[in-house]
Structure formats: structure tokens, C-alpha cells
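Q: What follows is a structure written as C-alpha cells; I'll ask about it next.
The values are calculated or read from the model by the stated rules, or taken from the named source; none is laboratory data. Computed from a predicted structure; not experimentally measured. Note that each Cβ is placed from the backbone with ideal geometry, even for glycine, and that neighbours are counted across all protein chains shown. These accessible areas exclude ligands, DNA and RNA; they are computed on the full protein's heavy atoms, side chains included. Shrake-Rupley method; radii C 1.70, N 1.55, O 1.52, S 1.80 Å.
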Amino acid sequence: MSKDVYEQSDEMLELYSLIKEGLEDEQQGKVRPFSEALEEIREEMNS
């Protein structure tokens, strides 16, 4: 396996891990609407 193929595979595994984590957070109710999060960011930037 070449270095490039290995790195690409490693990046894909990391992506799958992050997707899985996000789906688990959603199932556990640890998420909020994007519009709320965006509003909070805007408020923090303006203060």
C-alpha cells in the first residue's frame, strides 16, 4: 500500500468516526438547531 493510499484510508476512517459520533449525539439529544447555534456565534462576534 502506498503512502498516499494509506493516508487517504486513514482520513476516511477519521471521517466515518466523526459521522458516527454525530449520529450518536443526535440519538442522545445532544444537538440543537443550526439556526440557534449560528445566532449564538453571531452574538459572540458582535460583543
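Conditions (1) part of a helix (DSSP H, G or I); (2) open to solvent by 80 Å² or more (accessible area, probe 1.4 Å); (3) small (Gly, Ala, Ser); (4) out of contact with any helix residue (DSSP H, G or I) (no Cβ under 9 Å at 6 or more places or on another chain), marked per residue:
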position: 1; (1), (2), (3), (4): no, yes, no, no
position: 12; (1), (2), (3), (4): yes, no, no, yes
position: 17; (1), (2), (3), (4): yes, no, yes, yes
position: 31; (1), (2), (3), (4): no, yes, no, no
position: 37; (1), (2), (3), (4): yes, no, yes, yes
position: 42; (1), (2), (3), (4): yes, yes, no, yes
position: 45; (1), (2), (3), (4): yes, yes, no, yes
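Q: Another question, then. Report yes if residue 20 is at pLDDT below 95 and either of a type in the set (D, E, K, R) or in contact with a Cys (Cβ under 9 Å, 6 or more places away or on another chain) (or both), otherwise no. It would help to see each step written out before you state the result.
A: Numbers: at pLDDT below 95: no; either of a type in the set (D, E, K, R) or in contact with a Cys (Cβ under 9 Å, 6 or more places away or on another chain) (or both): yes.
For residue 20, the condition - at pLDDT below 95 and either of a type in the set (D, E, K, R) or in contact with a Cys (Cβ under 9 Å, 6 or more places away or on another chain) (or both) - is not met.
Q: Starting from segment 18-47, keep only residues that are free of Cβ contacts under 8 Å to residues at least 40 places away in the same chain, then list their pairs with residues that are surrounded by 10 or more Cβ atoms within 10 Å (Cβ to Cβ) and part of a helix (DSSP H, G or I) whose Cβ atoms are within a distance under 7 Å, requiring at least 6 positions of separation or different chains.
A: Close Cβ pairs satisfying both conditions: 31/25.
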